[in-house]
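*Asks:* Pasting a structure here, questions to come.
Throughout, read-outs are computed from the coordinates displayed, never taken from laboratory work. Predicted model, so just to flag it, every value in this text is computed and none were measured. All Cβ positions, even for glycine, are placed from backbone atoms using ideal geometry, and neighbour counts span all protein chains on display.
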Amino acid sequence: MIANKKILPSIFFSALLLLLLLTCKKEYSYEGALASGSLQDSADNCLPKEIFGNYYADSGFTDSNYLQVEVRVDKPGTYNIYTDTINGYYFEATGTFSATGLTTVSLPGFGKPLQNGTDNFTVFFDTSICNFSITLSDTNGIIVPSQYPFLGDSCMVDSLLGFYIKGIPVSDTARLSFPVDVKIPGTYGIYTDTVDGYSFFAKGVFTATGTQNVILHCFGAPQNVGTDVFKVTADSSVCYFSVPVLLPVVPTNNDHFPLSLNSYWSYNDIHNPGDTIITKISSTTSTDGISYKVFTETNEGGQQSLSNFRKDGNDYYEYFSGDKYTTAVAFKTPVYGELHFLKEILHKGDQWISDGYTGITTNGQQKTIQYNFTCLGDNNYYIVNGSAFSNVYIIAMFPMVRSATGDFAPTGEETDTYYARGIGIIYQQNYFNDKPTDAIQLRHWNIN
């Protein structure tokens, strides 16, 4: 559906946008592969962190003593996030990230503070580091209410995360982060009014003075489309922020890859602003007695490529040359076959493997290519170009290559494709050696 590697981009080898809604990952990469990402944003500013619990000398920790950090996940896999050990205690968490994007991780506290004072910690993840401080109480754990005026009436909103869609309960990713100026450490409760069926709230303990980020989690479900204005109340101060609520796209059919004649899609090339890829189902053809719909894709330069697709029950296939979705191998003579690239009724964690495509490469070697697929998410909501899509499948594809003898090995390439029910591909992101490369996102569409 989205171009051949010779043009730009393809149904699997191109790519697309943002945020997240989440989840599982490939078999070969999740077992033992390390996640990559950062504790910082793209401008190298540390993402929000928050300390929970009471801290005072010679007292052990409970489940309420933990560090919460915001993490930008660039590549799913196993992770270890930890701090140095200061004054007899530290924080650490291990686990598995199953999707890219922003997420929150809680690091339990270990050990026991030895003496009162201010402890300056460094937290580590991948190659990134950030700093934070904890001031131990000298009152045997009795924490008084803090004083924390806001830095301005507009809340100085740092980031609003999550999806806000009419009639849809907010997810765990829906939250607001903004800075406050703490004058006196202690307990806090910060909340908003309830607007249009949902609200934000946070509580905890400030352990030090100065400017700190607070994360307010969201609860409820927006009831109307538009912009909702919230009032935040904390201590004796108030401030305001707004949340845009979108109308969900209503699909006209149930297919995650529609195949009706004259349907079309246009895509923005994220890495080449102004470029648009147009895909249209233009005709029907037959190969080896099997009927396929012909997708004609036209790029910004007017170049065209043709791709053939069909559906059999709940399974989708493309008739293609086996080297189409990898640059690691090029066959001297095309090796044609079918690629089973998508299924209906998928669940997070589902995996399947394509047939093998064996041929002689341009440098005279025999190579076999296969493609491994993993469902990273099912029944997700995703926002692209201001449109909110429901029931989105997120499918990762990994080209694998082997010689005449030996095992399959990954090429380092990956394509994550987002399929919305009744719409088709809405977003696609390519990776090479875990680094994002090309991406495309849906702009306009018409499904017949």
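*Asks:* What is the spin-label model distance, in nm, from I184 to T122 if the labels are put 7 Å beyond Cα along the C-beta direction?
*Replies:* It is 3.5 nm.
*Asks:* For segment 407-418, just list the computed ³J(HN,Hα) in residue order, Karplus coefficients 6.51, -1.76 and 1.60, θ = phi - 60°, integers in Hz, with x standing in for Gly and Pro.
*Replies:* Rounded to whole hertz, the list is 9, 5, 10, x, 7, x, 8, 8, 10, 9, 10, 9.
*Asks:* What is the gain in length, in nm to one decimal, between E344 and R443 on full extension, counting 0.36 nm per residue of separation less the C-alpha to C-alpha distance?
*Replies:* 33.2 nm
*Asks:* Right, something else. What does the net charge come to around Y148 if you take all other residues with beta carbon closer than 12 Å to its beta carbon, with K and R at +1 and D and E at -1? Write down the numbers at each step before the final one.
*Replies:* Values: positive: K183; negative: D181, D235.
My count for the surroundings of Y148 gives -1.
*Asks:* Let me ask you something else. A330 to T62: FRET efficiency via 1/(1 + (r/R0)^6), r the Cβ-Cβ distance, R0 56 Å, to the nearest 0.05?
*Replies:* 0.40
*Asks:* For segment 92-106, what does the Karplus curve 6.51 cos²θ - 1.76 cosθ + 1.60, with θ = phi - 60°, yield as ³J(HN,Hα) per residue in whole Hz, taken in order and with x for Gly and Pro?
*Replies:* Each residue's phi maps through the Karplus curve to give 7, 8, 10, x, 9, 8, 9, 7, 7, x, 7, 8, 10, 10, 9 Hz.
*Asks:* Quick one: which residues, 5+ away or cross-chain, put their amide H under 5 Å from the amide H of Y240? H built at 1.01 Å from N.
*Replies:* Amide H to amide H, under 5 Å and 5 or more residues apart or across chains, Y240 pairs with S154, C155, V232.
*Asks:* Now a separate question. Relative contact order for the chain: what percent, with Cα pairs under 8 Å and sequence separation of 6 or more?
*Replies:* On the way: 1296 pairs, mean separation 71.9, N = 448.
Over the chain, the number comes to 16 percent.
*Asks:* Considering only C-alpha atoms, what is the centroid distance from segment 374-442 to segment 271-323, in Å?
*Replies:* If you average the Cα positions of each part, the centres end up 17 Å apart.
*Asks:* What's the ranking of 375-381, 248-254 by average number of surrounding C-beta atoms within 10 Å, highest first?
*Replies:* Result, highest mean Cβ count within 10 Å first: 375-381, 248-254.
*Asks:* Quick one: what are the phi-derived ³J(HN,Hα) couplings along segment 210-222, Karplus 6.51/-1.76/1.60 with θ = phi - 60°, whole Hz, x for glycine and proline?
*Replies:* With coefficients 6.51, -1.76 and 1.60, one gets x, 6, 9, 8, 10, 10, 9, 8, 9, 9, x, 8, x Hz.
*Asks:* Continuing with this model, one more query. Using a Förster distance of 51 angstrom, determine the FRET efficiency expected from the C-beta separation of N385 and Q115, and round it to 0.05.
*Replies:* Details: r = 55 Å, r/R0 = 1.08.
With R0 = 51 Å, the Cβ-Cβ based efficiency is 0.40.
*Asks:* Which entries in the list K311/K348; K75/K166; K203/K348; K49/K112; K49/K231; K49/K435 go over 29 Å, if you measure between the two C-alpha atoms of each?
*Replies:* Beyond 29 Å: K75/K166; K203/K348.
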